[in-house]
Amino acid sequence: MLCDVITSQEIEPTQAELDPSMEAIVVSRETLGGAEKINAGRVSRGFQPLVIVVVPVIGGKDASSKLSSSQLRAQDAAALGRH
């Protein structure tokens, strides 16, 4: 049996990491680490690092009440009958 092992270093780079024309990225405090990794990848490719804009989370103070793009997509899918 053949298996491929994927480590965190082998994850596909994001468009923000690969597109030299991008200038900024907007993140929450929770995702700041991801933006820093993107910038490290950009620098290793010879691109300028992105300006990182950190914005507060919209919604409540806990994970269950904050605005989430995943929740919004799930609501849209449910409204279209795609559970």
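The values are calculated or read from the model by the stated rules, or taken from the named source; none is laboratory data. Everything quoted here is computed from the prediction, not taken from an experiment. Quick reminder, even Gly has a Cβ in these numbers, built from the backbone with ideal geometry, and neighbours come from all protein chains shown. Ligands, DNA and RNA are excluded from the accessible area calculation, which covers all protein heavy atoms including side chains. Shrake-Rupley method; radii C 1.70, N 1.55, O 1.52, S 1.80 Å.
Among residues of the range 23-55 being in a loop (DSSP other than H, G, I, E, B) and at pLDDT below 95, the one that is farthest from Ser68 (Cα to Cα) is Val55. Within the range 11-22, being within 25 Å of Pro56 (Cβ to Cβ), open to solvent by 50 Å² or more (accessible area, probe 1.4 Å) and part of a helix (DSSP H, G or I) holds for one residue alone: Gln15.
Among the residues of the range 33-66, the ones that are exposed (fewer than 12 other Cβ atoms within 10 Å of the Cβ) and under 10 Å from the mean Cα position of the chain (by Cα) come to 1 in all.
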